[in-house]
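Q: Below you will find the structure I want to go over with you.
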Amino acid sequence: MKSTNRREALRIGAALGGGLLARAEEPRSLGTPLSGYGERSRFVKSARTTRVTKTPEAGSSATPLAETYGIITPSSLHYERHHAGIPDIDPAQHRLVIHGMVERPLTLTVEEIRRLPSVSRIHFLECGGNSGGEWQTKNQPDVQRSYGLASCSEWTGVPLRLILDEVGVKPGAKWIIAEGADACKMQRSVPILPELDHAMLAYGQNGEPLRPAQGFPLRLLTPGWEGNTQVKWLQRLYVTDQPHMTRDETSKYSDLMPDGKARIFSLPLEAKSVVTFPSGGQKLPGPGLYEITGLAWTGKGLVTKAELTFDGGATWTEARIDEPRFPRAFARFRLPWRFEGKPVTIASRATDETGYVQPTREQLIAARGMNSGYHFNGIKFWRIGADGSVTNVETA
Ligand SMILES: Nc1nc2c(c(=O)[nH]1)N[C@H]1C(S)=C(S)[C@@H](COP(=O)(O)O)O[C@H]1N2
Ligand SMILES: [Mo]
């Protein structure tokens, strides 16, 4: 890549024309009145893409990652993954029960939970199935459909640790079975590990109550762990000494290895990144200066480095990451770049604070085979043609 020491003139606009000044002086009519709850401009059309599995209630919708700025996903564009639809819950009627191997079982109303000392933190949420298609060679065309089961919000809630101390976890208790109030009463076994210190009973998202799709009025948030453990519409925490081996931790969200054994409870999501511009389905209008940008994240703390390659991984150029950075949150990386109008393949690579470096797709397949559709975090290539059109490719 050619680096530029001198500041280049960006040459971004058309030359000043006389018509522009005349337009600024035209009379304008009054705009629309005030409103109680805001709407975006009618000219902005970004939307989630929906994938239905068996019925319209059981499926997923994906965040348009290429159309969001910074690290926060607007709540209306947060990806959704429901196994049995969104229940319509009156918070005044909702209860959370905490029982099992505890000294003092407890039932709490949502109001009682909101009164407790709380924290607000920025965290990503990602489905263990996100970018699962990348294991195969039949890829989704764009970053939304291939990587959009990941979003990032500011969440507000009560530290789970505070509730566990309140009920008094008995010696020998090692797992919590979290249950939702949806039609399938989705359950996940969550191990009581030190990482659970980051967990919270979340009631807020981006400054307002959780959206119904995100678990209103209450969800378990286990930052950095796979999305399925973050049980929505949370109604029960059962403390016990062993996992329940529920559907979503055995037949789903587990990886069948080449030797026939299954990798289960792959909870912390490993360092991952994707370029969101330029990305699949987009078209660069022509040669010139652009900013390559994308997202990097890790379930194991901070992203320490994001790099880009233009030669299939032979050499890497460090991108700038927006500050401040937050542990277990999206990190936004950027690099100025000149498109010369020649075909080029680009990819990003993330490193996290444990020193872990995002692997290539080939390294992942060598270690885990091709039977899995989950936990893909391989380096992602996009091919930019001479005409500026961008397509999804597996390798450079
Ligand atoms: N009760 C309940 N919790 C749930 C689910 C569900 O279907 N029911 N889906 C899980 C899965 S698979 C994921 S990836 C995340 C998705 O959270 P989101 O819809 O807020 O993005 O929620 C998890 N929690
Ligand atoms: Mo998921």
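Q: Place a point 7 Å from the Cα of Glu111 along the Cα-to-Cβ direction; which residues of region 210-235 have their backbone N under 17 Å from it?
A: 217-218
Q: Subtracting the Cα-Cα distance from 0.36 nm times the residue separation, let me have the gained length for Thr315 to Ile192 in nm, one decimal.
A: Length difference between fully extended and current span is 40.1 nm.
Q: So for the pair Lys283, Thr250, with labels modelled 7 Å out along Cα→Cβ, what separation do we get in nm?
A: With each label placed 7 Å out from Cα toward Cβ, I get 5.1 nm.
Q: Classify region 272-392 as rounded, prolate or oblate from the Cα gyration tensor: take a ≥ b ≥ c as the square roots of its eigenvalues, call it rounded if a/c is under 1.5, otherwise prolate when a/b beats b/c and oblate if not.
A: Cα axes put region 272-392 in the oblate bin.
Q: Which of the peptides 356-365, 264-273 is most tightly packed, and how do the rest follow, going by the mean number of other Cβ atoms within 10 Å of each residue? Mind dumping the intermediate values first?
A: Working: 356-365: 17.3, 264-273: 21.3.
Put in order of decreasing packing, that is 264-273, 356-365.
Q: Just for the Cα atoms in region 123-179, what are the lengths along the principal axes, largest first, rounded to whole Å?
A: Ordered largest first, region 123-179 gives principal extents of 50, 27, 15 Å.
Q: Full-extension gain between Ile264 and Ser29, please, as 0.36 nm times their residue separation minus the C-alpha to C-alpha distance.
A: Value of the extension gain: 78.4 nm.
Q: Can you give the net charge of the other residues whose Cβ lies under 14 Å from the Cβ of Lys252, counting K and R as +1 and D and E as -1?
A: +1
Q: Here is a follow-up. Give the shape of region 75-263 as rounded, prolate or oblate, defined through the alpha-carbon gyration tensor: a ≥ b ≥ c are the square roots of its eigenvalues, a/c under 1.5 means rounded, and otherwise the shape is prolate if a/b is larger than b/c and oblate if not.
A: oblate
Q: With just the Cα atoms defining each centre, how far is region 65-128 from region 228-267? Give it in Å.
A: 19
Q: Among the lysines, select those whose C-alpha is under 25 Å from the C-alpha of Lys174, and discard any that sit fewer than 8 residues away in the same chain.
A: The reachable lysines, counting only those whose Cα sits under 25 Å from Lys174, are Lys185, Lys232, Lys252, Lys261, Lys300.
Q: Under the rule of -39500 (n - 2.57) per DSSP H run of 4 or more residues, summed and divided by the residues of the chain, what mean residue ellipticity at 222 nm is obtained, to the nearest 500 deg cm²/dmol?
A: Calculated mean residue ellipticity at 222 nm is -2000 deg cm²/dmol.
Q: May I pose another question? I need the shape label for region 295-351. Rule: rounded when a/c is under 1.5, else prolate if a/b > b/c, else oblate, with a, b, c from the alpha carbon gyration tensor.
A: Because a/c hits 1.5 or more and a/b exceeds b/c, region 295-351 counts as prolate.
Q: Once all Cα-Cα distances of the chain are split into 20 Å bins that start at 0, what whole-number percent is in each one?
A: Distribution as computed: 25, 52, 20, 2 percent.
Q: Any idea what the dipole of the chain comes to, in debye rounded to 20, about its Cα centre with Lys/Arg Cβ at +1 and Asp/Glu Cβ at -1?
A: Computed about the Cα centre, the dipole is about 600 debye.
Q: Measuring from label point to label point, each 7 Å out along Cα→Cβ, what is the Glu39 to Ser389 span in nm?
A: Distance between the two pseudo-spin positions: 3.6 nm.
Quick note: the coordinates plus some simple rules give every number you see, no bench work behind them. Everything quoted here is computed from the prediction, not taken from an experiment. Cβ atoms come from the backbone with ideal geometry, glycine included; neighbour counts cover every protein chain shown.
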